[in-house]
Ligand SMILES: [Zn+2]
């Protein structure tokens, strides 16, 4: 039997037998990995206390063929303050869901893991408004996965649009269009203001460490969030239930 040590975040846990769980972990060196955590529901197994969502932990696993068993999980960083606020918690589960669906099994993707850790850090500390954080995460994932939209000039005619009062974002083709080149607002073509476009360009221009360091005027937060979400969902073809839940929470009276 071989033992391996990885660092990672739990993206999903499924009940398994009476006392066990099957965990899906996004690891630093092996991408997504499924591991059985025997007896994790028992209070006696303190060596597994780091095996919970919203903890970045070091996991020791035993390996037999393609099967992994969790032996130990030690906390490196806790994001558990996310649980103190229902909106943050719903957004946190959506972020983990996105991570688990974009990452690949046994394929290391450190930029994606670091992006998620930085996003959870900001959510945990409440340094960025939730809707701004969500949009920035969705857009930056597209960027690091190779689906960077064309947003510095009109994707059809090349006109620079910084001085224009508004332009259009084509979420299907992935880029902006000037008034002349766009047929107007459609299901996949959204009108966008210069302030929202500036925020999008800031995120695309920034590295993983600083992509959240921008201010967004309250009047454009919805527009920015809508463009980022629509772009991410269209490009990833992902329809997460955790997003429906997040929306239910934020639209609650
Ligand atoms: Zn044009």
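Within region 176-187, residues that are over 20 Å from residue 224 (Cβ atoms) reach partners that are within 8 Å of the ligand (Cβ to nearest atom) and part of a loop (DSSP other than H, G, I, E, B) with beta carbons closer than 6 Å, at six or more positions or on different chains, in the pairs 181/154; 181/156; 181/157. Going residue by residue through region 130-150, is there one that turns out to be within 13 Å of the ligand (Cβ to nearest atom) and over 23 Å from residue 80 (Cβ atoms)? Yes, that holds for at least one residue. Residues that are more than 19 Å from residue 16 (Cβ to Cβ) and either outside any strand (DSSP E or B) or out of contact with any strand residue (DSSP E or B) (no Cβ under 7 Å at 6 or more places or on another chain) (or both) within region 51-84 comprise 54, 79, 80, 81, 82, 83, 84, listed in sequence order. Go over the candidates 250, 192 one by one and state the one that is touching a helix residue (DSSP H, G or I) at 6+ places or on another chain (Cβ under 9 Å), within 16 Å of the ligand (Cβ to nearest atom), in contact (Cβ under 8 Å) with a residue 12 or more places away in the chain and over 30 Å from residue 110 (Cβ atoms). Of the residues listed, the single one that is touching a helix residue (DSSP H, G or I) at 6+ places or on another chain (Cβ under 9 Å), within 16 Å of the ligand (Cβ to nearest atom), in contact (Cβ under 8 Å) with a residue 12 or more places away in the chain and over 30 Å from residue 110 (Cβ atoms) is 192.
Across region 160-184, the number of residues qualifying as within 16 Å of the ligand (Cβ to nearest atom) and touching a strand residue (DSSP E or B) at 6+ places or on another chain (Cβ under 9 Å) comes to 17.
Considering 81, 97, the condition of being touching a helix residue (DSSP H, G or I) at 6+ places or on another chain (Cβ under 9 Å) and under 30 Å from residue 44 (Cβ atoms) is satisfied by 81 alone. For region 177-192, the tally of residues that are crowded, with 18+ Cβ neighbours inside 10 Å and not in a strand (DSSP E or B) stands at 2. Taking every residue in region 136-155 that is over 25 Å from residue 184 (Cα atoms) and pairing it with any residue that is within 16 Å of the ligand (Cβ to nearest atom), at least 6 positions away or on another chain, the pairs with Cβ-Cβ distances below 9 Å are 143/149.
The set of residues in region 80-106 being over 22 Å from residue 240 (Cα atoms) and either surrounded by 15 or more Cβ atoms within 10 Å (Cβ to Cβ) or modelled with pLDDT of 95 or more (or both) consists of 80, 81, 84.
The values are calculated or read from the model by the stated rules, or taken from the named source; none is laboratory data. From a predicted model like this one, the values you see are computed outputs, not experimental measurements. FYI the Cβ positions are ideal-geometry reconstructions off the backbone, even for glycines, and counts take in every protein chain you see.
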